[in-house]
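Down below is the structure, laid out as structure tokens.
The values are calculated or read from the model by the stated rules, or taken from the named source; none is laboratory data. Bear in mind that the values here come from a model prediction, so they are computed numbers and not experimental data. Methodologically, a virtual Cβ is constructed for each residue, glycine included, from the backbone with ideal geometry; neighbour enumeration extends over all protein chains shown.
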Amino acid sequence: MPAKRGKEYFTISVVSSMFDIHPQTLRLYEREGLLRPERSAGNTRLYSRQDIEHLNTILNLTREMGVNLAGVTIIMDLLQKLREVQEEKQALLAMREVLETRLAASPSRHSTSV
């Protein structure tokens, strides 16, 4: 398993053995845009742990749920958009907390004199 910039990577032969699939299947998933492994200087596909998790999801959808590749593409795109929305929500909640803290710490600007 080669290491690149401190991360662990797996070659196509190792990944295909891990999941009991033909290397050609991994190449197909790459052509379809479902997987995007990095490449070594020698152009060898290098699959990260994240790629492995992604592949596991793809295989679960196709093997266990009977989803075709077009469906997998749609589902994976929706999952990515969901992750992005969740990250944006977390950022907005953090921003809200900062603003509420500042507001609570600032002196009152309006007096209620009659």
Glu38 vs (1) touching a residue at least 12 places away in the same chain (Cβ under 8 Å); (2) closer than 16 Å to Met18 by Cα: all pass except (2)
Of those in the range 1-18 that are at pLDDT 95 or above, in contact with a helix residue (DSSP H, G or I) (Cβ under 8 Å, 6 or more places away or on another chain) and surrounded by fewer than 16 Cβ atoms within 10 Å (Cβ to Cβ), the residue farthest from Glu64 (Cα to Cα) is Ser13
Pro23, sole failed condition from (1) surrounded by 13 or more Cβ atoms within 10 Å (Cβ to Cβ); (2) touching a strand residue (DSSP E or B) at 6+ places or on another chain (Cβ under 7 Å):
(2)
Residue count, the range 54-78 (criterion: surrounded by 11 or more Cβ atoms within 10 Å (Cβ to Cβ), more than 24 Å from Phe10 (Cβ to Cβ) and not hydrophobic (A, V, I, L, M, F, W, C))
2
Take the conditions exposed (fewer than 15 other Cβ atoms within 10 Å of the Cβ), at pLDDT 95 or above and either out of contact with any Leu (no Cβ under 8 Å at 6 or more places or on another chain) or not in a helix (DSSP H, G or I) (or both) and apply them to Leu92. Does it pass?
yes
